[in-house]
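Below is one structure, written out as structure tokens, with a few remarks after it.
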Amino acid sequence: MREIVLDTETTGLDPLRGDRLVEIGCIEIYNRMPTGQTFHRYINPERDMPAEAFAVHGLSAEFLAGKPVFTEVVDEFLEFIADAPLVIHNASFDISFINAELDRIKRTPISRDRLVDTLLLARRKHPGVSNRLDDLCSRYSIDNSRRTKHGALLDAELLAEVYIDLIGARQSQLILASETRAAQSGGYGDTPRRQREVPLAPRITDADREAHRAFVATLGDKPIWNDFLAAG
């Protein structure tokens, strides 16, 4: 199943009061594993940058002035996310900004039915404690040392790791890998593969073997089948 892990940065907290998107970062995961495909754009908000927001993400109005406006990246963004579920931490915040930008240019909003809110998942799994992204990284031993400031793509990358742990997918993958290795080696750990108490009757008769030997004899001086016949 294809999913998109998404994060945004903005000029503030409320799109209804004129705050705008300034960055979108997306990570594609398939069957709960990152594929390496990403979408990342800085966006010119066409307004000033409040000091409080700048302190969070470090994106200045001067830096963003040369970036494309939302209408110039929207088609590429929508093509990337397609119809996949969107995995977002505190999804109502990010989707309210995205939908405000879509409404501003008369485009169809993204349905909230598509959202997978990792904040809600974390609160159910870890009630009564803080479930910020940094807290979850610490809880699941995910290295977030690069996160000196918020950044949409970096935060989406971290969230993808958190999400895989949060839903138990990483443990399932480790168990599957362990079982696969055990099956290939003939047992699980030090436990030998179980043997049948009553062996199955052979499916190849002596007549079958003789007929095969007669066939091999027609193949020339050194047919490769001789190696297997000798081993048998």
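In segment 90-103 there is at least one residue that is closer than 25 Å to Arg132 by Cβ, of a type in the set (Gly, Ala, Ser) and touching a helix residue (DSSP H, G or I) at 6+ places or on another chain (Cβ under 6 Å). Do we find a residue being part of a helix (DSSP H, G or I), without any contact (Cβ under 8 Å) to a residue 12 or more places away in the chain, among the charged types (D, E, K, R) and more than 21 Å from Lys149 (Cα to Cα) anywhere in segment 94-102? Within segment 94-102, not a single residue is part of a helix (DSSP H, G or I), without any contact (Cβ under 8 Å) to a residue 12 or more places away in the chain, among the charged types (D, E, K, R) and more than 21 Å from Lys149 (Cα to Cα).
Per this entry, Glu46 is counted among residues that are of a type in the set (Asp, Glu) and not in a helix (DSSP H, G or I).
Answer with yes or no whether Ile105 is among the aliphatic types (A, V, I, L, M) and surrounded by fewer than 13 Cβ atoms within 10 Å (Cβ to Cβ).
Numbers: among the aliphatic types (A, V, I, L, M): yes; surrounded by fewer than 13 Cβ atoms within 10 Å (Cβ to Cβ): yes.
Here the answer is yes, as Ile105 does meet what is asked.
The residues of segment 1-36 that are of a type outside the set (A, V, I, L, M, F, W, C), surrounded by fewer than 16 Cβ atoms within 10 Å (Cβ to Cβ) and over 10 Å from the mean Cα position of the chain (by Cα), listed by number, are Asp14, Arg17, Gly18. The residues of segment 50-98 that are closer than 23 Å to Leu119 by Cβ and more than 27 Å from the chain's Cα centre (by Cα), listed by number, are Glu52, Ala53, Ala55.
Of all residue pairs spaced 6 or more apart or on separate chains, those with beta-carbon atoms under 7 Å, a first member in segment 63-91 that is assigned to a helix (DSSP H, G or I) and a second member that is surrounded by fewer than 18 Cβ atoms within 10 Å (Cβ to Cβ) and basic (Lys, Arg) are Val74/Arg107. When the residues of segment 113-170 are filtered to those that are in a helix (DSSP H, G or I) and in contact with a Pro (Cβ under 6 Å, 6 or more places away or on another chain), the one that is surrounded by the most Cβ atoms within 10 Å (Cβ to Cβ) is Ala160.
Read-outs: derived from the displayed coordinates by stated rules, not from any lab. Predicted model, so just to flag it, every value in this text is computed and none were measured. All Cβ positions, glycine included, derive from the backbone under ideal geometry; neighbour counts span all protein chains shown.
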